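Structure, as structure tokens:
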Amino acid sequence: MKAIQISQHGGPEVLVPAEVPDPQPTDGQLLVAVEYAGVNYIDTYYREGTYHSQLPFIPGQEGCGRVIVDPADEIAPGTFVAWESAPGSYAEKVCVDRTRLVAVPQSIPHDVAASMLLQGITAHYLLHGVRETQAGDTILLTAGAGGVGLLLTQLAVAAGATVFSVVSTDEKEELAYAAGATEVFRYSEGLAESVRRRCGGRGVDVVYDGVGKETFQESLEAVRPRGLVCLFGAASGPVEPFDPQLLNKHGSIFLTRPSIGAYTASEDEFRMRAQAVVRAVEDGTLNIRVHEPYALEDARQAHEDLQARKTAGSIVLKVT
Ligand code: NDP
């Protein structure tokens with residue numbers, strides 16, 4: 001089958017199209033023909049070697065497509081499914097754990113189906129798992145027009161929160177407003193100060209920071225006393241080690257660094273969040289903006305654009 005293979009860690013140039021043997025499902029897995037593969041920032045961490053993966057490997061975690069075979073004979077061949085947490089999704093075929101997939105309702109376009117689960121479940125657990133969002137909460141969100149950013153904004157607004165979003169361009173600003181942000185800011189040294197002014201000097205209840213290194217200090221300064229800083233990613237690089245005393249200095253604030261794995265550890269929790277996302281897509285609460293699909297063999301270009309901050313919303317590779 002055709003796939004993207006990584007034989008050494010590095011920049012986008014290590015994403016090389018290759019002909020490889022078909023994968024073989026092991027216990028609890030189904031073999032699926034991939035139509036679209038989702039592209040996520042986490043794929044760049046595996047590519048670079050920041051997250052561990054045995055070389056050589058096929059990148060990608062999520063996608064959608066038709067079941068080829070279920071060795072347990074529970075799911076019929078041809079059933080259209082979407083999944084996350086299936087390493088090797090940048091390929092014509094992938095093995096997916098039956099505990100990590102959902103059937104896709106007919107009303108959901110396939111490029112949306114391929115990119116809804118990883119980012120949608122992330123937005124869901126950040127807002128309803130890490131902390132239950134309350135009507136009236138104020139939220140500061142970095143990378144507000146990214147894949148997770150646009151979904152988190154829509155779900156937070158649906159829960160009655162006010163979202164202050166941070167983006168880098170006019171186009172992204174427009175998208176963040178369209179998703180429901182109350183005010184959109186640019187990255188700058190005075191970001192925290194501007195946000196605090198907007199909240200009557202108090203600071204926000206929660207900061208969701210997926211940018212990391214370049215925004216972390218402003219995140220600590222933007223949160224109210226006893227508020228929460230939720231550092232959920234490192235698009236600009238990992239945060240430097242720091243003195244926990246800083247949390248005291250900023251008003252006894254809380255800090256967490258969560259992962260989707262910990263918030264979908266059981267099949268029940270995965271299903272609860274996945275179903276909430278699918279329902280929100282179906283009823284229009286979530287409008288997923290998918291960037292013009294890249295061909296599978298253009299995975300390199302997709303990663304270059306993602307890391308050069310040229311993309312907004314979700315990204316997919318068209319595989320078949
Ligand atoms: P995005 O579509 O949000 O892309 C990343 C965005 O980060 C860019 O578009 C850019 O937006 C912003 N950014 C700011 N500074 C930089 C920089 N120096 N280099 C590159 N990008 C920068 O990606 P995803 O939606 O896939 O992921 C968003 C974040 O969420 C990532 O950090 C990812 O690791 C994290 N994540 C965490 C999960 C978890 O469970 N912890 C699960 C899923 C994602 P702009 O131009 O507006 O600054």
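Restricting to segment 268-278, name every residue that is exposed (fewer than 13 other Cβ atoms within 10 Å of the Cβ) and touching a residue at least 40 places away in the same chain (Cβ under 8 Å). Within segment 268-278, just 275 meets the criteria.
Taken residue by residue, segment 17-30 has at least one member that is under 27 Å from residue 121 (Cβ atoms), out of contact with any Cys (no Cβ under 8 Å at 6 or more places or on another chain) and exposed (fewer than 13 other Cβ atoms within 10 Å of the Cβ).
To keep it simple, each residue is scored yes or no on (1) under 25 Å from residue 261 (Cβ atoms); (2) within 16 Å of the ligand (Cβ to nearest atom); (3) modelled with pLDDT of 95 or more.
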| residue | (1), (2), (3) |
| --- | --- |
| 172 | no, yes, yes |
| 178 | no, yes, yes |
| 195 | no, yes, yes |
| 201 | no, no, no |
| 215 | yes, yes, yes |
| 233 | yes, yes, yes |
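Selection over segment 295-312 of residues that are outside any loop (DSSP other than H, G, I, E, B) and surrounded by fewer than 21 Cβ atoms within 10 Å (Cβ to Cβ) gives a count of 8. Does residue 270 qualify as being within 16 Å of the ligand (Cβ to nearest atom), of a type in the set (Phe, Trp, Tyr) and under 16 Å from residue 126 (Cα atoms)? Considered against the rule, which asks whether it is within 16 Å of the ligand (Cβ to nearest atom), of a type in the set (Phe, Trp, Tyr) and under 16 Å from residue 126 (Cα atoms), residue 270 comes out as yes.
Looking only at strands (runs of 3 or more DSSP E) that lie completely in segment 68-117, which have at least 2 residues being modelled with pLDDT of 95 or more and farther than 25 Å from residue 21 by Cβ? By residue number, 101-103. Filtering segment 203-213 to residues that are over 18 Å from residue 145 (Cβ atoms) and within 12 Å of the ligand (Cβ to nearest atom) leaves only 213. Residues in segment 208-231 that are closer than 24 Å to residue 155 by Cα, touching a Ser or Thr at 6+ places or on another chain (Cβ under 7 Å) and not in a strand (DSSP E or B): 210, 211, 212, 215.
Considered as a group, the residues in segment 279-294 that are among the acidic types (Asp, Glu) and assigned to a loop (DSSP other than H, G, I, E, B) include one that is least open to solvent (accessible area, probe 1.4 Å), and that residue is 283.
Residues that are modelled with pLDDT of 95 or more and assigned to a strand (DSSP E or B) occur in segment 186-193; there is at least one. How about segment 130-153: which of its residues are on the phi < 0 side of the Ramachandran plot, among the small types (Gly, Ala, Ser) and near the ligand (Cβ under 10 Å from one of its atoms)? 144, 145, 146, 147, 149, listed by residue number. Would you check if there is a residue in segment 46-68 being surrounded by 20 or more Cβ atoms within 10 Å (Cβ to Cβ), over 19 Å from residue 97 (Cβ atoms) and within 19 Å of the chain's Cα centre (by Cα)? Within segment 46-68 (the criterion being surrounded by 20 or more Cβ atoms within 10 Å (Cβ to Cβ), over 19 Å from residue 97 (Cβ atoms) and within 19 Å of the chain's Cα centre (by Cα)), the answer is yes, since at least one residue qualifies.
Mind checking whether some residue in segment 279-302 is free of Cβ contacts under 8 Å to residues at least 12 places away in the same chain and within 16 Å of the ligand (Cβ to nearest atom)? Scanning segment 279-302, I find at least one residue that is free of Cβ contacts under 8 Å to residues at least 12 places away in the same chain and within 16 Å of the ligand (Cβ to nearest atom), so the answer is yes.
The values are calculated or read from the model by the stated rules, or taken from the named source; none is laboratory data. Just so you know, these numbers come straight off a predicted model, no measurement behind them. FYI the Cβ positions are ideal-geometry reconstructions off the backbone, even for glycines, and counts take in every protein chain you see. In case anyone asks, the SASA skips ligands and DNA or RNA and just uses the protein heavy atoms, side chains included. Shrake-Rupley method; radii C 1.70, N 1.55, O 1.52, S 1.80 Å.
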